[in-house]
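*Asks:* Before we start, here is the structure in question, set down as structure tokens.
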Amino acid sequence: MPKEIKIVGVLTSGGDAPGMNAAVRAVVRACEYNKIGCYGIYQGYHGLVNENITKMSARSVKNIINKGGTILKSARCEEFRSKEGRE
């Protein structure tokens with residue numbers, strides 16, 4: 001029996017690219033439509049390691065499609081360069 005998804009985390013990593021905000025918006029809105037909790041992880045994997053995480057809603061992603069970059073930001077994460085940092 002498949003497990004029900006209750007929470008989704010969305011982060012952006014690497015270099016910014018066109019469409020990242022649209023992708024984040026799509027994830028957040030799909031989660032809200034399906035009554036799934038959605039959390040934005042700011043500054044990529046660096047934010048994941050340092051718990052820079054915020055609950056997101058459709059209001060969080062309102063009017064972001066025309067903005068460049070990514071509203072969640074991205075950053076290098078030295079901790080993820082080692083095996084110990086990824087565990």
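*Asks:* Considering only the range 43-75, state which residues are assigned to a loop (DSSP other than H, G, I, E, B), closer than 13 Å to GLY9 by Cα and touching a residue at least 40 places away in the same chain (Cβ under 8 Å).
*Replies:* MET56, LEU72
*Asks:* Cβ-Cβ below 6 Å, separation at least six or inter-chain, first residue in the range 7-18 and part of a loop (DSSP other than H, G, I, E, B), second of a type in the set (A, V, I, L, M): which pairs?
*Replies:* If the second residue must be of a type in the set (A, V, I, L, M), the pairs left are THR12/MET20; THR12/LEU72.
*Asks:* Could you go through the range 62-74 and let me know if any residue there is surrounded by fewer than 16 Cβ atoms within 10 Å (Cβ to Cβ), of a type in the set (Val, Ile, Thr) and in contact with a Gly (Cβ under 6 Å, 6 or more places away or on another chain).
*Replies:* No, the range 62-74 contains no residue that is surrounded by fewer than 16 Cβ atoms within 10 Å (Cβ to Cβ), of a type in the set (Val, Ile, Thr) and in contact with a Gly (Cβ under 6 Å, 6 or more places away or on another chain).
*Asks:* Going through the range 51-63 one residue at a time, which ones are closer than 12 Å to VAL28 by Cα and hydrophobic (A, V, I, L, M, F, W, C)?
*Replies:* Those that are closer than 12 Å to VAL28 by Cα and hydrophobic (A, V, I, L, M, F, W, C): MET56, ALA58, VAL61.
*Asks:* Starting from residues that are within 9 Å of the chain's Cα centre (by Cα) and of a type in the set (A, V, I, L, M), keep the ones in the range 3-27 and report whichever is surrounded by the most Cβ atoms within 10 Å (Cβ to Cβ).
*Replies:* Ranking the qualifying residues of the range 3-27, first place goes to VAL24.
*Asks:* Moving on. Tell me the residue from ASN52, ASN34 that is on the phi < 0 side of the Ramachandran plot and surrounded by 15 or more Cβ atoms within 10 Å (Cβ to Cβ), please.
*Replies:* The conditions single out ASN52.
A short reminder: the numbers here are calculations on the coordinates, not readings from a lab. Note that the structure is a prediction, hence the values are computed from the model and not measured. Methodologically, a virtual Cβ is constructed for each residue, glycine included, from the backbone with ideal geometry; neighbour enumeration extends over all protein chains shown.
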